[in-house]
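Please treat every number below as a calculation from the coordinates, not as lab data. None of these values were measured; they are calculated from a predicted model. All Cβ positions, even for glycine, are placed from backbone atoms using ideal geometry, and neighbour counts span all protein chains on display.
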Amino acid sequence: MLAQRKTGFLNRLYLIEIIQGLLITIRNFFFHKKVTLKFPEERREYSSRFRGQHYIKAVNEIENCTACMLCPTVCPAECIHIEAGEREDKEKYPVKFEIDVLRCCFCGMCEEACPKDAIKLSNIYEMSQEHRSVYSKDFLMEQRGNKS
Amino acid sequence: MSFEMSFMMIKIAVVLAGLLAVVPIMLFVERRGSALLQNRLGPNRMGPFGMFQAACDVLKFIFKEDSPPGHVNKFYYSLAPWLAVIPAFMTFAVIPFAGSMSWNGSEAIFQVANLDVGILYCFSVASLGVYGIIMAGWASNNKYSLLGSLRSSAQMISYELTLGLSIVGIIMVFQSVKLGDITAAQGETLVSIAGLDIPKWGIFIQPVGFIIFLISVFAETNRLPFDLPEGESELIAGYHLEYGSMRFALFMMAEFINMAVASGLITSLFFGGWQLLPGFGWLAGQFAGTEHAQLILVFFQGVSFVIKVAFWMWFFVWVRWTLPRFRFDQLMKLGWKVLFPIALINVFVTGLLIYKGVL
């Protein structure tokens, strides 16, 4: 049911209301802080928990990853592909570590599942590319992260 | 070529160039102003403050492909934008943009045509503009377009009535339909309060008429809150839905030029037209007695006129981004049941006051 509001004669003329509305908009025009971000010059600050571009954490240029296959198992998008191998200084390591970014949904479950603190999602969000790319291991080994 | 002829040519060129310049300026003001009113920034990439954005928009319009859809009536489809834009240009002819000056013994008036019918010409030509809109809606062969033009015709006819009645008071007071006479008469002083001269501007002697005229003129130019013919949210774009490229740009031009004409009419009828703004009289007085005193006075009158028109143009944009759109029945109710009786009463009261010798 429509509630019948009691309005006086002056209210129903709307002239004063319209002038008040005009004053509100002109106040916004002159004084209100503009919410637009001038993107290339200004960047938005995201929280440190933001999930962006992936990388594999390395210590002394050796990846933390032991190719335990937990992340491809947990991945809901099935975008991680690992081929394990053996190395003298390290029992097991990923020969191939590929992430199909087009399939990745940035849920961060790989990061949660990883027992070795190897796969990480950084704060980088400018990831547009001209071609469909699969992140190779070399690309992922770049320490672009800012997470401890 | 005689002096009168060349002077007339110059006046026509100035008015046409001014009206054409209004379009890109208003494009920019509309986009940037609307953004700033809504706490956004708007286009700010091209040039200082994004001023060349309008040039980019125009370039885009020119280079777009202009292909009429297969289901339209080609002849009327291509005729309609011109029928919308040409009356808009014609209307400005009778609006004076500066006072008169004597030149080589003859009097030069700064008005393209000082017709005896004056303001009546304005309204008759402005009402021709609705043909373009109806034709566009009908030729488009599209339900939304037709609904838009249907609304537009009903709205324009309803509000033309109140538009005409609202200025009857002004015509009665100044006893002329010539816009030149009306503007010149507004230079007189109405009352002096503590040494402050209040001029005999239309708004001070016809405040009710002014409000009705303002509302009607918004409906006449199809601007929000009365933009039902092109209501984006209900009719997509209304009558210019099937138009693209420069043909759409012509409709847009017609809208902006109609705004300019409406602002010019508001200024000439109610805000003293080219009468000097406060402060400009003193400025022009500094040049009194010099060789070009007359020319400088006319220049300041022109500047005053442009400033007043610019304010009302801005007011159109300002209102557009403040008020929501009317519903169609509300629009008709406002026009016929509210504004029409008030306008009639205003005419009677004005007549009574003139009879009693107050005005």
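Quick notes on this structure:
- Span from the region A:8-53 Cα centroid across to the region B:299-359 one, whole angstrom: 29 Å
- Highest-fluctuation residue, A:Phe97, A:Phe50, A:Phe39 considered, GNM on chain A with Cα pairs under 10 Å: A:Phe39
- Using the alpha-carbon positions of region A:1-100, Rg (one decimal) and Dmax (whole number) come out as 30.2, 91 Å.
- Convex hull (Cα only) mean projected area of region B:1-93, reported in nm² to one decimal: 9.9 nm²
- Between helix B:143-166 and chain B: long-axis angle, C-alpha atoms, 0 to 90°, nearest 10: 20 degrees
- For the protein assembly as shown, the Cβ-based charge dipole about the Cα centre amounts to some 1200 debye (Lys, Arg positive; Asp, Glu negative; other atoms uncharged).
- Within 10 Å of the Cβ of each residue in A:12-19, the mean number of Cβ atoms contributed by other protein chains is 2.
- Region B:120-163 and region A:94-136: distance between their alpha carbon centers, rounded to Å: 59 Å
- Cα radius of gyration and Dmax for the protein assembly as shown (Å): 32.5, 114
- Computed from Cα positions, the angle between helix B:74-91 and the longest principal axis of chain B comes to roughly 10 degrees.
- Per-residue packing, averaged as other Cβ atoms within 10 Å, sorts the ranges A:7-19, B:225-237, A:73-85, B:64-76 into the order B:225-237, A:73-85, B:64-76, A:7-19, beginning with the highest.
- Diffusion of region A:34-148 by Stokes-Einstein, at 10 °C in a medium of 1.306 mPa s and with Rh set to the Kirkwood radius over alpha-carbon pairs, works out to 105 µm²/s.
- Over all projection directions, the Cα-based convex hull of region A:28-83 averages an area of 7.8 nm².
- Distribution of pairwise C-alpha distances over region B:220-359, 10 Å bins, in %: 10, 24, 28, 22, 12, 4, 0
- Dividing the alpha-carbon radius of gyration of chain B by the rule-of-thumb value 2.2 N^0.38 Å gives 1.04.
- Spatially proximal lysines relative to A:Lys96 (Cα-Cα < 30 Å; intrachain offsets below 8 disregarded): A:Lys57, A:Lys116, A:Lys120, A:Lys137, A:Lys147
- For region B:175-225 versus region B:1-76, the inter-centroid distance based on Cα atoms is 29 Å.
- Working from the Cα coordinates of region B:159-255, the gyration tensor eigenvalues give, after taking √(5λ), semi-axes of 37, 14, 13 Å in decreasing order.
- Across peptide A:29-38, the mean count of Cβ atoms from other chains lying within 10 Å of each residue's own Cβ comes to 4.
- For region B:123-179, alpha-carbon Rg and Dmax in angstrom: 15.1, 47
- Residue among B:Glu255, B:Glu220, B:Glu291 with the largest mean-square fluctuation in a Gaussian network model of chain B, springs linking Cα atoms under 10 Å: B:Glu291
- Residue with peak Gaussian network fluctuation, chain A [Cα springs, cutoff 10 Å], from A:Arg49, A:Arg87, A:Arg27: A:Arg27
- In degrees, nearest ten, helix B:293-320 long axis to first principal axis of chain B (Cα): 40 degrees
- Spatially close lysines, pair count over chain B: Cα under 23 Å, gap of eight or more or interchain: 8
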